[in-house]
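Notes to accompany the following structure.
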């Protein structure tokens, strides 16, 4: 992720309490190839098949409360990122899922008004400031900005690369 990159993409909308088993079903845990893992991102949700057929690189997931609840598996973040998702925006995240996303260099932003964003809307997101511009609806939101350390980890390409370069 570049330092002042504005992420632009189409929204895939999901609801509340999407757990890691829905994001990345447990039966795929033995997979280690990231491309193969990406083929199962969001598969356990009611929109899983539609998502897997239509997701494009740069798209954005917007969800409700408690996104990423459930197990602490890192696979969920890896699969979403591998599917091409550029940022996940939700009303709230499960704490470990949030951390796993940052550690795998997948930006996440908490936005209390996330429910106002509709499926298919086009967003422009500034990770550094937390500004979320809904181009479709002509609205601008202020998400909770990520911390300086989280930005540094994202810019390094994930936690392992950050530690290696530190």
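State all residues of the range 17-51 that are over 15 Å from residue 93 (Cβ atoms), touching a helix residue (DSSP H, G or I) at 6+ places or on another chain (Cβ under 9 Å) and assigned to a helix (DSSP H, G or I); if no residue qualifies, say none.
Within the range 17-51, 21, 26, 28, 34, 35, 36, 37, 38, 48 qualify.
Table: residues versus (1) in a loop (DSSP other than H, G, I, E, B); (2) in contact (Cβ under 8 Å) with a residue 12 or more places away in the chain; (3) under 25 Å from residue 66 (Cβ atoms).
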position	(1), (2), (3)
115	no, yes, yes
118	yes, yes, yes
124	no, yes, no
137	yes, yes, yes
153	no, yes, yes
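Restricting attention to the range 133-149, report how many residues are at pLDDT 95 or above and crowded, with 17+ Cβ neighbours inside 10 Å.
Within the range 133-149, residues that are at pLDDT 95 or above and crowded, with 17+ Cβ neighbours inside 10 Å number 4.
Go through the range 101-114 and give me each residue that's crowded, with 16+ Cβ neighbours inside 10 Å and out of contact with any strand residue (DSSP E or B) (no Cβ under 6 Å at 6 or more places or on another chain).
Step one: of the range 101-114, the residues crowded, with 16+ Cβ neighbours inside 10 Å are 101-111, 114.
Selection gives 102, 103, 104, 105, 106.
Has the range 59-69 got at least one residue that is farther than 15 Å from residue 20 by Cα, without any contact (Cβ under 8 Å) to a residue 40 or more places away in the chain and not in a loop (DSSP other than H, G, I, E, B)?
No - not one qualifying residue is present in the range 59-69.
Could you give every pair whose Cβ atoms fall below 8 Å, whose first residue belongs to the range 24-53 and is on the phi > 0 side of the Ramachandran plot and without any contact (Cβ under 8 Å) to a residue 12 or more places away in the chain, and whose second residue is in a loop (DSSP other than H, G, I, E, B) and surrounded by 18 or more Cβ atoms within 10 Å (Cβ to Cβ), counting only separations of at least 6 or pairs across chains?
Within 8 Å, no pair qualifies.
May I ask you to verify whether residue 85 is surrounded by 14 or more Cβ atoms within 10 Å (Cβ to Cβ), touching a strand residue (DSSP E or B) at 6+ places or on another chain (Cβ under 7 Å) and within 30 Å of residue 163 (Cβ to Cβ)? I'd like the intermediate steps shown before the answer.
Working: surrounded by 14 or more Cβ atoms within 10 Å (Cβ to Cβ): yes; touching a strand residue (DSSP E or B) at 6+ places or on another chain (Cβ under 7 Å): yes; within 30 Å of residue 163 (Cβ to Cβ): yes.
The answer is yes for residue 85.
Would you confirm whether any residue within the range 119-132 is crowded, with 20+ Cβ neighbours inside 10 Å, closer than 21 Å to residue 34 by Cβ and modelled with pLDDT of 95 or more? Quick ask: steps written out before the conclusion?
The initial filter retains those residues of the range 119-132 that are crowded, with 20+ Cβ neighbours inside 10 Å, namely 123, 125, 127, 132.
Imposing the further condition that a residue be closer than 21 Å to residue 34 by Cβ reduces the set to none.
So far as the range 119-132 goes, no, none of its residues is crowded, with 20+ Cβ neighbours inside 10 Å, closer than 21 Å to residue 34 by Cβ and modelled with pLDDT of 95 or more.
I'd like to check something: does the range 80-91 contain any residue that is touching a helix residue (DSSP H, G or I) at 6+ places or on another chain (Cβ under 6 Å), closer than 21 Å to residue 31 by Cα, modelled with pLDDT of 95 or more and part of a helix (DSSP H, G or I)?
Checked the range 80-91: at least one residue is touching a helix residue (DSSP H, G or I) at 6+ places or on another chain (Cβ under 6 Å), closer than 21 Å to residue 31 by Cα, modelled with pLDDT of 95 or more and part of a helix (DSSP H, G or I).
The values are calculated or read from the model by the stated rules, or taken from the named source; none is laboratory data. As the structure is a prediction and not an experimental result, all values here were calculated from the model. Reconstructed Cβ throughout: ideal geometry from the backbone, glycine too, with neighbour counts over all protein chains shown.
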